[in-house]
Amino acid sequence: MRNDLKIRTLTERFFDGETSLAEEQELYRLYHEGDVPEDLLQYKELFSGFEDIRLPQQKASSHQWRWIIGIAASITILFAVGTTLLTRNSKDECVAYIYGEKCTDQTIVMQHMQSALDEMDNVSTVDEQMRDFFSE
């Protein structure tokens, strides 16, 4: 008898839009599990269906958040460790590509840089090239 009064009260409050989420969940559970008064049987399928749809989603969402937070934390840790390892290993390394080949010998790289700078000093400016072209 006590459940009958509770189901009736919650059903009336539900249709008036006055129930809280906790009360709605209780109402869904009561319709799903309990004996429903005969005049309210027309709502049993409706409220039982709400329980099937609503309650598993709420349980899954808290479980889902744990997974999301765990994955985000793992990615952050991996990123931090990877960044630390990459920056530590790449310090003081001289790398250049000379004629398409990777070169890590600092003396060879510096020699090629110096020769490239020397060649740039010997290149005439555009003004000099124009004077040479029109003076011929």
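The values are calculated or read from the model by the stated rules, or taken from the named source; none is laboratory data. Since the model is a prediction, treat every value here as computed from it, not as a measurement. Because the Cβ atoms are built from the backbone with ideal geometry, glycine has one as well, and the counts that use them run over all protein chains shown. Surface areas here come from the heavy atoms of the whole protein model, side chains and all, with no ligands, DNA or RNA. Shrake-Rupley method; radii C 1.70, N 1.55, O 1.52, S 1.80 Å.
A few points about this structure:
- Residue 77 accessible area, 1.4 Å probe, all protein chains in place, Å² to nearest 10: 110
- Solvent-accessible surface (1.4 angstrom probe) belonging to residue 32, in square angstrom, nearest 10: 90
- Of the whole protein surface, residue 9 contributes about 60 Å² of accessible area at a 1.4 Å probe radius.
- Compared with the direct C-alpha span, the chain from residue 111 to residue 74 gains 8.8 nm at full extension, assuming 0.36 nm per residue.
- Under conditions of 25 °C and 0.890 mPa s, region 4-44 yields 244 µm² s⁻¹ as its translational diffusion coefficient, taking Rh as the Kirkwood radius over Cα pairs in the Stokes-Einstein equation.
- Accessible surface, 1.4 Å probe, highest first, among residues 8, 66, 13, 131: 66, 131, 8, 13
- Here the label points at residue 122 and residue 94, each 7 Å from Cα along the C-beta direction, are separated by 2.3 nm in the simple model.
- Residues 11, 107 ordered from highest to lowest accessible area at a 1.4 Å probe: 107, 11.
- Gain upon complete extension [residue 4, residue 38; 0.36 nm per residue less C-alpha separation]: 11.2 nm
- Taking all protein chains together and a 1.4 Å probe, the residues 118, 127, 35 rank 35, 127, 118 from largest to smallest accessible area.
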